[in-house]
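The values are calculated or read from the model by the stated rules, or taken from the named source; none is laboratory data. Note that this is a predicted model, so its numbers are computed, not measured. Cβ atoms come from the backbone with ideal geometry, glycine included; neighbour counts cover every protein chain shown.
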Amino acid sequence: MISQKARYAFRALFTLAKAGQGEALLIADISDEAEIPRKFLEQILLDLKRAGYVMSRRGKVGGYYLLKHPDEIFFGDVLRLIDGPVAPLPCLRTIAYRRCEDCKDERSCEIRRVFGRVAKATREVLDTTSLGGILSEDFQDIPDSYLTA
């Protein structure tokens, strides 16, 4: 499950992407459009700015705008920035690896093997799906069974 902060980050990025490349939006406008509490949004935008996804400018046409094209902003990268490693188990992380406390042998761990496949598939989707791809595709054909737990 992703954090609320990550969901807000994605909402903010989509709001900026829909505004258009180089179009600056005020924090208040992003907050209203994406329904993100303003104080939380300020923190998220600072994280995205430090990572090179957005930039801000002052003045009459000031605000935040995308620094990268939506096709260059991948879900996996943003999720790792906000939430950290994308792995269901600590022993499957490539960064911040940690052996599971109750595991005797990782090579024969059935749980690790199953969730390793889940992690690989998840990373593959997240690392190849961009904001631009989502904005340009028709996702109406996704079966409801994919959208419910």
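Scanning the stretch 104-128 for residues that are surrounded by fewer than 15 Cβ atoms within 10 Å (Cβ to Cβ) and in a loop (DSSP other than H, G, I, E, B) yields LYS104, ASP105. Would you mind telling me which numbered condition in (1) closer than 30 Å to GLY20 by Cβ; (2) surrounded by 18 or more Cβ atoms within 10 Å (Cβ to Cβ); (3) of a type in the set (D, E, K, R) ARG38 fails? Every listed condition holds for ARG38 apart from (2). Within the stretch 107-128, being polar (S, T, N, Q) and more than 21 Å from the chain's Cα centre (by Cα) holds for one residue alone: SER108.
Within the stretch 1-26, the set of residues being touching a residue at least 24 places away in the same chain (Cβ under 8 Å) and surrounded by fewer than 17 Cβ atoms within 10 Å (Cβ to Cβ) comprises ILE2, SER3, LYS5, LYS18, GLN21, GLY22, GLU23, LEU26. The condition (being of a type in the set (A, V, I, L, M) and in contact with a Gly (Cβ under 9 Å, 6 or more places away or on another chain)) is satisfied by just one residue among ILE2, ILE36, ILE82, ILE27: ILE27.
Give the residue that is modelled with the lowest pLDDT, with candidates limited to residues of the stretch 90-136 that are closer than 30 Å to GLY20 by Cα and of a type in the set (S, T, N, Q). Among them, the one singled out is SER136.
Within the stretch 43-57, track down each residue that is exposed (fewer than 13 other Cβ atoms within 10 Å of the Cβ) and within 14 Å of LEU25 (Cβ to Cβ). Across the stretch 43-57, the qualifying residue is only ARG57.
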